[in-house]
1. Name every residue in region 105-128 that is more than 9 Å from the ligand (Cβ to nearest atom) and not in a loop (DSSP other than H, G, I, E, B), in order of residue number.
2. Only residues that are in contact (Cβ under 8 Å) with a residue 12 or more places away in the chain and either farther than 23 Å from residue 80 by Cα or surrounded by 20 or more Cβ atoms within 10 Å (Cβ to Cβ) (or both): list them for region 1-26, please.
3. Of the conditions (1) of a type outside the set (Asp, Glu); (2) within 14 Å of the ligand (Cβ to nearest atom); (3) out of contact with any His (no Cβ under 7 Å at 6 or more places or on another chain), residue 93 fails just one. Which one is it?
4. Would a scan of region 217-228 turn up a residue that is surrounded by 14 or more Cβ atoms within 10 Å (Cβ to Cβ), in contact with a Leu (Cβ under 6 Å, 6 or more places away or on another chain) and of a type in the set (Val, Ile, Thr)?
5. On the basis of being of a type in the set (D, E, K, R) and over 18 Å from residue 194 (Cβ atoms), does residue 83 make the cut?
6. Name, by its number, the condition in (1) closer than 25 Å to residue 70 by Cα; (2) within 13 Å of the ligand (Cβ to nearest atom); (3) outside any loop (DSSP other than H, G, I, E, B) that does not hold for residue 136.
7. Considering only region 33-49, I want to know if a residue exists there that is within 9 Å of the ligand (Cβ to nearest atom) and touching an Asp or Glu at 6+ places or on another chain (Cβ under 6 Å).
Amino acid sequence: MADKHNEMNRDVWNEIVELHYNHPDYKLKEFLNGWNSLKKIERDALGDVNGKSLLHLMCQFGMDTLSWGRLGANVTGVDISDKSIEFAEKLKKQTGMADAKFVRSDIYDLIGKIDKKFDFIFMSHGTHPWFENLTKWAKTVAHYLKPGGTFFIVDGHPVADLFLWGDEFNYFHKGPYKEANWPDYCDREYKVKGESVEWMHKLSDFVNAMVKAGLTVVELNEYNKGYYDVKGNWVRKGDYWYPPEGPTKYPLMFSMKVRK
Ligand SMILES: C[S@@+](CC[C@H](N)C(=O)[O-])C[C@H]1O[C@@H](n2cnc3c(N)ncnc32)[C@H](O)[C@@H]1O
């Protein structure tokens, strides 16, 4: 049965994906001219993906998925949002990458929808707050990884919310955070109409979920730089963003590498 909260989020992402597809922050024009959207941390972590199979969870319109494809990986992207997958298919056509596959699915319901196992599973930047159940997430990762395969996540550090947005968040809060009318992260003038549902996860929750799914956490890292202009006045250096006063005293991102 479809998860009620995830379905609310599906509607929200159906509402906003076109805004992102056409927004200069996502650099569609540059991408169509050959630019690769992957950042240094994930490229260094996965290394040579040429000839390997790669599953990208929560891929939105697939720019990162197709970027792994440009590095030689045989890619499959998954997203809950129908419109995101439509835009991913459009981008696939525009880039002529006919072998890339996109599947519309809630990650909770993915098992059984793709009939293969992968060398790499990847997810990044704006993913984990969108689902509650880390056990189902880790089981899905364990199911789709080949023995010896690698899962890698790089994303916002949950502690960062407390430093960036203050009292609104509690690191130990277990229930959903429901929000409507929030400014879109690309087009801040646009207020998102649908109600979205997000969850706080502790860093230990990610590690424990993977361990309980029988996987081995081989690396956990924390970073004092962000993956986008969080406050509208941050400064870009290379692939990452810093507040005007420089690197933060608290973590903004984390990454975790896991093996089966
Ligand atoms: C911020 S995007 C992250 C993707 C990528 N880093 C990007 O910026 O394009 C989050 C994506 O997660 C997807 N999503 C949210 N909940 C999901 C779920 N339960 N299963 C699969 N995808 C989900 C949304 O539809 C959205 O496309």
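1. Matches in region 105-128: 118, 119, 120, 121, 122, 128.
2. 9, 10, 12, 13, 16, 17, 20, 21
3. (2)
4. no
5. Criteria not met by residue 83.
6. (1)
7. yes
Table: residues versus (1) of a type in the set (Val, Ile, Thr); (2) more than 22 Å from residue 228 (Cα to Cα); (3) surrounded by fewer than 22 Cβ atoms within 10 Å (Cβ to Cβ).
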| site | (1), (2), (3) |
| --- | --- |
| 63 | no, no, no |
| 67 | no, no, yes |
| 80 | yes, yes, no |
| 95 | yes, yes, yes |
| 98 | no, yes, yes |
| 103 | yes, yes, yes |
| 113 | no, yes, yes |
| 116 | no, yes, yes |
| 126 | no, no, yes |
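Values quoted throughout were computed directly from the atomic coordinates according to the rules given, and no laboratory measurement underlies them. Quick caveat, the model's predicted, so the values are computed rather than measured. Neighbour counts are summed over all protein chains in view; Cβ atoms, including those assigned to glycine, are modelled from backbone coordinates with ideal geometry.
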